[in-house]
Amino acid sequence: MSNPFYRLAPFIQEFIYRENWSQLREVQVLAINAVLDTDQHILITSRTASGKTEAAFLPVLTSLHENPSSTIGAMYIGPLKALINDQFYRLEKLLQESHIPVQSWHGDVVQSKKQAFLRQAQGILQITPESLEAMLINRQTDLGRLFGDLRFVIIDELHAFIGSDRGRQVLCLLQRLARYQTKPARRIGLSATLGQPELAMEWLSGGDNVPVIHIQDTVGRREVQLGLEHFISPKKNNDDEDLLEQVIPQFPQSTIEQDEIAPVIDETEHLFLHMSQMVSQARKTLIFANSRNDTEEIIQNLRRLAGKENSDEDGYYVHHGSISGALREQAEEDMRNPDKLACIAATITLELGIDLGNLDQVLQLNSTSTVSSFVQRLGRSGRRGNPAKMFFYSHETSVSPNEITLGNEVPWSLIQTIAIIQLYLEERWIEPPDIPNLPLSLLYHQTMSLITSHSELRPPDLAERILTLSPFKQVSSDQYRTLLRHLTDTEHLERIEGGGLIVGAQGEKIVNNYRFYATFHDEIAYAVREGQREIGSIQSIPQVDERFRLAGRSWRVIEIDENKRVIYVERVKGKAKAAWLGGGITLHNKILQRMRRVLEEDVDYGYLQDRAITRLQIARDRARTNGLIDGGFINVGGNRFMLLPWQGSKIMRTIGAMLTYAKISSIDHMYYFDINTIDASTLKTKIIELQNNLPNANTLSQIPSLFQLQANKYDRFIPEQLLREAYEKDQLDVVSAEEILNDLSLKW
């Protein structure tokens, strides 16, 4: 019995024999002992494909087998439907010889299966946060019968939850469920990419303060194969002149090898040719892009190139949240099928732990915004004992000579990609979670959810239930009172005779919509159908006869049903326009500081390809010649200046507010500020005045417009006073910004 294998339930031992496992992995051995021998929460951090999911489920299922629960015994919370589906198939296989039922639960699961599972109310429930929210609202009287003896909650991909309102929603739901349980369920968090695990441990125990055991994989480093190439797309003009001559002067003509390409084509075409060659050399390729538009363009171009060579176009797929579930599942199935060639271009939907089988390589278009995302995407390959392979394509669009500035001469995406790779290779550094003090959008959401589920609550009872939820521990009674008064004044809440609060007329419009269950922004989408076959959905509304791309193909609109929000299409050939809007990103300070080192050091990174090496050298020369490495204010000609602090998004936001306070007009380009129409003497005077009269955080919080403050889903229902308090506490770093501005002023 000292061997943990013999502690597992007999049906699990049989499963291990059938699957020909040679041994349990270290993280699984440690988890088995922790689950079976302690009552504590558990955080399991281990690299991708290291058996984390089994590490949690093997002892949990053993515990439920030996001591069956009288209700649902374990709940698995996953961030994506696709991940839940993947885990459901894996669990079904594991539970074949047991008497423990398992049910996935999200919007794509048919009601009959859900109802049958609820009648039995036993076994394993796999669910999204939104579906769990709906259950707490709509089945409040059944919660004791369903979850009264819940023993375990497994939270997968913890890093995807920990810094978001969605993750904080999960903590609220678990604390609300605990009121119906004889004993609060133990929590098991799983992640491959966590910076500062101690913060994750604190987060995991939020609301009950049960100690957390940290189980960490100590297996040595695995083999990683990396590559990075750079491409520059010339900006076409109306004269249709030779594309080679459109490359701006500071970029060498050698970046386009004319003798290798006939006829002459632009670098965007060259990028897809190179990508196509990479895909043709592997049976299974996963391509990541940072937007749905990019995934669509990639697959459309790869299919076009395959068609030119009379190759099969059917093995190319697009995978993102606006693609129909059937098409996404087909792509995943073909990727797992060893007999099929498959290439998928995806956004974050395939970044998290879905097992796609023996994936040969990962390609990435442009830089990820975080080290965590890089590590997750790298980890999609390299399973089954093979090396992890990832190739980056850095893409840059040149500008016309009259648009050249020092700022847009720098290949920021290339430099950022190198910095992110180096931070992980050198330090194994990953971003720590950013946990806000005043998550006001979630505060509104949980307030409305609680009142809806109970029909009526007295203000003291409501405040007690809300303010004891761990995400709201920094919210004061006065701040919550301010919110409730505002919601009553705006008819989101209504005070009835006797003093109780119910949902008001305006609030009913919000809570009586299925979209209310989600804490993240959702899009008003139009379903796209080819006949009766669903292709996916798009955000913008096209016109009849207009063309757009979806699922890697071009479509022509033949009819629009406004009432049903359905667009009927037919497939056409040729290119088409994008169908979605883009969003911004947030960068950590450490990434910007490592980017500066990339320009400063004379290091030849072994994974750089020829074009990337050439472009990096040009960037280093320009940076050294023009003082970019030192940062600060740089005169870029006439009354134009560049302010380069080499700091992350939070400090850049604060510096931008300080410049506005000092009446210095600037444009934030994420990495630097452009300051125009001000002479050096005036700028210097204003900076010195700013240094001598630095505004405090409260003053800076008054600068953004109300619209700018309403960044989260339900912020539009929050009183302006509270939004500005939240901006002050969570969006500004005044101390760091003051230090930087004081240091910059010394360089005049």
Return yes when Thr48 is β-branched (Val, Ile, Thr), over 24 Å from Leu132 (Cβ atoms) and in a loop (DSSP other than H, G, I, E, B) and no when it is not.
-> yes
Filtering the range 594-605 down to residues that are without any contact (Cβ under 8 Å) to a residue 60 or more places away in the chain and not acidic (Asp, Glu), which residue is surrounded by the fewest Cβ atoms within 10 Å (Cβ to Cβ)?
-> Val603
How many residues are within 17 Å of Gln281 (Cα to Cα), buried (at least 22 other Cβ atoms within 10 Å of the Cβ) and over 18 Å from the mean Cα position of the chain (by Cα) when one looks only at the range 330-354?
-> 4
Qualifying residue in the range 111-119 (condition: under 19 Å from Ile354 (Cβ atoms), touching a residue at least 12 places away in the same chain (Cβ under 8 Å) and either buried (at least 21 other Cβ atoms within 10 Å of the Cβ) or in contact with an Asp or Glu (Cβ under 6 Å, 6 or more places away or on another chain) (or both)) | no
Residue list for the range 426-442, filter: part of a helix (DSSP H, G or I) and touching a residue at least 60 places away in the same chain (Cβ under 8 Å) | Leu440, Ser441, Leu442
Has the range 454-462 got any residue that is in a helix (DSSP H, G or I), free of Cβ contacts under 8 Å to residues at least 24 places away in the same chain, of a type outside the set (Ser, Thr, Tyr) and not assigned by TED's automatic domain parsing to the domain that holds Phe288?
-> yes
Pick from Leu359, Leu327: which is aliphatic (A, V, I, L, M), surrounded by fewer than 21 Cβ atoms within 10 Å (Cβ to Cβ) and either in contact with a helix residue (DSSP H, G or I) (Cβ under 7 Å, 6 or more places away or on another chain) or over 30 Å from Asn589 (Cα atoms) (or both)?
-> Leu327
Filter the range 297-318 for residues that are under 26 Å from the mean Cα position of the chain (by Cα) and either free of Cβ contacts under 8 Å to residues at least 40 places away in the same chain or closer than 20 Å to Leu356 by Cβ (or both); which is surrounded by the fewest Cβ atoms within 10 Å (Cβ to Cβ)?
-> Asn301
Checking Ala82 against (1) of a type in the set (A, V, I, L, M, F, W, C); (2) within 26 Å of the chain's Cα centre (by Cα); (3) part of a loop (DSSP other than H, G, I, E, B), which test does it fail?
-> (3)
Any chance the range 488-502 includes a residue that's part of a helix (DSSP H, G or I) and either surrounded by 14 or more Cβ atoms within 10 Å (Cβ to Cβ) or not hydrophobic (A, V, I, L, M, F, W, C) (or both)?
-> yes
Leading residue by the ranking (nearest to Ile466 (Cα to Cα)) among those in the range 124-178 that are touching a His at 6+ places or on another chain (Cβ under 8 Å) and of a type in the set (S, T, N, Q) | Gln169
For Asp334, work out the one condition from (1) touching a Leu at 6+ places or on another chain (Cβ under 8 Å); (2) part of a helix (DSSP H, G or I); (3) not β-branched (Val, Ile, Thr) it doesn't fulfil.
-> (1)
If you take the residues of the range 250-289 that are under 14 Å from Cys343 (Cβ atoms) and charged (D, E, K, R), which of them is modelled with the lowest pLDDT?
-> Arg283
Answer from Asn209, Asn138 - the residue that is at pLDDT below 90, farther than 25 Å from Phe57 by Cβ and surrounded by fewer than 16 Cβ atoms within 10 Å (Cβ to Cβ) | Asn209
So how many residues does the range 676-702 have that are in contact with a helix residue (DSSP H, G or I) (Cβ under 7 Å, 6 or more places away or on another chain) and either closer than 17 Å to Asn742 by Cα or crowded, with 16+ Cβ neighbours inside 10 Å (or both)?
-> 10
Looking at the range 653-662, is at least one residue surrounded by fewer than 16 Cβ atoms within 10 Å (Cβ to Cβ), modelled with pLDDT of 90 or more and in the same structural domain as Leu741 (by TED's automatic domain parsing)?
-> yes
For the range 673-748, which fully contained helices (runs of 4 or more DSSP H) count at least 3 residues that are free of Cβ contacts under 8 Å to residues at least 24 places away in the same chain, over 34 Å from the mean Cα position of the chain (by Cα) and not assigned by TED's automatic domain parsing to the domain that holds Asp165?
-> 680-692
If you go through Ala463, Ala419, the only one that is surrounded by fewer than 19 Cβ atoms within 10 Å (Cβ to Cβ) and modelled with pLDDT of 95 or more is Ala463
Is the range 549-556 home to any residue that is modelled with pLDDT of 90 or more, of a type outside the set (D, E, K, R) and over 30 Å from Leu683 (Cβ atoms)?
-> yes
In this structure, is Ser70 assigned to a loop (DSSP other than H, G, I, E, B), touching a residue at least 40 places away in the same chain (Cβ under 8 Å), more than 19 Å from Ala185 (Cα to Cα) and not aromatic (Phe, Trp, Tyr)?
-> no
Cross-chain or 6+ apart pairs with Cβ under 7 Å, the range 133-156 first and not assigned by TED's automatic domain parsing to the domain that holds Tyr180, then polar (S, T, N, Q) and assigned to a strand (DSSP E or B) | none
Looking at the range 30-45, which of its residues are in a helix (DSSP H, G or I), touching a residue at least 24 places away in the same chain (Cβ under 8 Å) and either surrounded by fewer than 17 Cβ atoms within 10 Å (Cβ to Cβ) or not hydrophobic (A, V, I, L, M, F, W, C) (or both)?
-> Asn33, Leu36
Only residues that are aliphatic (A, V, I, L, M) and farther than 20 Å from Tyr480 by Cα: list them for the range 695-719, please.
-> Ala697, Leu700, Ile703
State all residues of the range 376-406 that are buried (at least 20 other Cβ atoms within 10 Å of the Cβ) and assigned to a helix (DSSP H, G or I); if no residue qualifies, say none.
-> Gln376, Arg377, Leu378
When you go through (1) at pLDDT below 95; (2) under 23 Å from His159 (Cβ atoms) one by one for Val410, which number turns out not to apply?
-> (2)
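The values are calculated or read from the model by the stated rules, or taken from the named source; none is laboratory data. Remember, it's a predicted structure, so these values are computed and weren't measured experimentally. Positions of Cβ are generated from backbone atoms using ideal geometry, with glycine treated the same way; all protein chains shown enter the neighbour counts.
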